[in-house]
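Okay, so here's the structure we're looking at.
The values are calculated or read from the model by the stated rules, or taken from the named source; none is laboratory data. Worth saying up front: this structure is predicted, and the values here are computed from it rather than measured. Quick reminder, even Gly has a Cβ in these numbers, built from the backbone with ideal geometry, and neighbours come from all protein chains shown.
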Amino acid sequence: MRTRWNLFLRWAWDFRLQLIYLITFFSYRLPRQDPGLVVCMTSYPARIRGAWVSIESLFRQDYRPFLLILVLAESQFPKGKLPLIIRLQIWKGLRIMWVAEDNGSFDHLWPAYSAHPDSNIISVDDDKIFPSNLVRQLTSASRANPGNVIGARGWEMKSVDGELRFGEGWQRADRQSPSDLLFMPPGNGSLYPPGSLPQLTGDDQIRKVLCPRADDVWYWAMTALGGVGSYCLGLPPHRNSRPQLRTPALAHDDPGPEEFEAVRSHFSIPFHEK
């Protein structure tokens with residue numbers, strides 16, 4: 001009975017939130033200029049109809065201005081056809097960045113990062129409802145920790161029996177977690193300052209051999225190779241967007257462990273536990 005009640009409460013909360021979003025939809029717009037701060041995500045056909053909820057939570061950030069970009073693959077959307085609500089969000093200030101090649105979940109960061117080399121880039125996923133102060137918290141932490149990659153959530157890597165294995169024994173990171181032990185998935189909200197990722201990040205030939213599916217592993221490795229520090233805010237988990245729960249994630253089948261080992265071995269990324 002309690003499980004059913006909890007499910008009903010979650011449904012009621014989600015329904016109320018989406019209703020509020022729709023009623024106040026036209027009250028929230030973004031400027032169309034590029035202010036040096038970019039928030040970006042990607043999506044694909046199975047998820048595009050539900051992506052509006054995550055996008056709308058970004059329209060309602062209490063920090064302005066920033067450029068909001070949705071990266072989409074041309075091959076997945078013939079003639080650029082998009083749902084009406086996404087088109088209305090474009091009218092409100094959302095920008096679509098069309099890319100010729102579909103690189104799945106990797107597209108939520110690198111296309112915007114490479115197109116805006118002088119901007120701070122905040123990467124997010126299309127299946128979360130982001131708190132209204134997320135952008136402000138990330139930018140504030142970036143000013144206090146210049147040059148660092150700032151993550152909303154992440155893990156502090158730990159070894160098990162003297163070996164580092166993906167996810168095993170790892171603990172939730174907080175503001176005291178050492179920079180070189182941080183693993184921060186970009187989709188939770190991560191800010192990448194200019195120059196924090198090397199050009200190797202966009203080398204799809206190498207990436208597709210070593211790390212074809214686990215974007216969080218690839219961007220962690222590229223941050224390590226870029227030689228920049230990392231800082232984690234240790235925020236609580238973001239609420240999931242329920243329209244996306246019935247759709248598969250872009251990165252699936254738990255590719256993390258295998259690809260983590262492949263990337264670490266190929267690039268000889270060190271691990272020094274404190």
Quiz item: What tally of residues in the range 203-238 results from selecting those that are within 18 Å of the chain's Cα centre (by Cα) and surrounded by fewer than 16 Cβ atoms within 10 Å (Cβ to Cβ)?
Solution: 2
Quiz item: What about W91, is it of a type in the set (F, W, Y) and at pLDDT below 95?
Solution: no
Exercise. Collect the residues in the range 230-259 that are of a type outside the set (D, E), modelled with pLDDT under 95 and farther than 30 Å from Q18 by Cα, keeping them in residue-number order.
Key: P255, G256, P257
Quiz item: Does I96 satisfy the condition of being assigned to a strand (DSSP E or B) and touching a residue at least 40 places away in the same chain (Cβ under 8 Å)?
Solution: no
Quiz item: Which residues, counting only those in the range 16-33, are aromatic (F, W, Y) and surrounded by 12 or more Cβ atoms within 10 Å (Cβ to Cβ)?
Solution: Y21, F25, Y28
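Condition test on S105, is it outside any strand (DSSP E or B), at negative phi and touching a residue at least 24 places away in the same chain (Cβ under 8 Å)?
Against the criterion (outside any strand (DSSP E or B), at negative phi and touching a residue at least 24 places away in the same chain (Cβ under 8 Å)), S105 qualifies.
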Practice problem: Output yes when any residue across the range 37-45 is buried (at least 17 other Cβ atoms within 10 Å of the Cβ) and more than 30 Å from T223 (Cα to Cα), and no when none is. | Solution: no
Quiz item: How many residues, within the range 70-84, are surrounded by fewer than 21 Cβ atoms within 10 Å (Cβ to Cβ) and either part of a strand (DSSP E or B) or at positive phi (or both)?
Solution: 3
Quiz prompt | Residue tally, condition under 17 Å from P117 (Cβ atoms), part of a loop (DSSP other than H, G, I, E, B) and of a type outside the set (A, V, I, L, M), over the range 185-210 | solution = 6
Practice problem: Would you check if R175 is at pLDDT 95 or above and not in a strand (DSSP E or B)? | Solution: yes
Exercise. Go through the range 75-123 and count every residue that is farther than 30 Å from V149 by Cβ and either charged (D, E, K, R) or within 19 Å of the chain's Cα centre (by Cα) (or both).
Key: 3
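D126: buried (at least 24 other Cβ atoms within 10 Å of the Cβ) and among the charged types (D, E, K, R), yes or no?
yes
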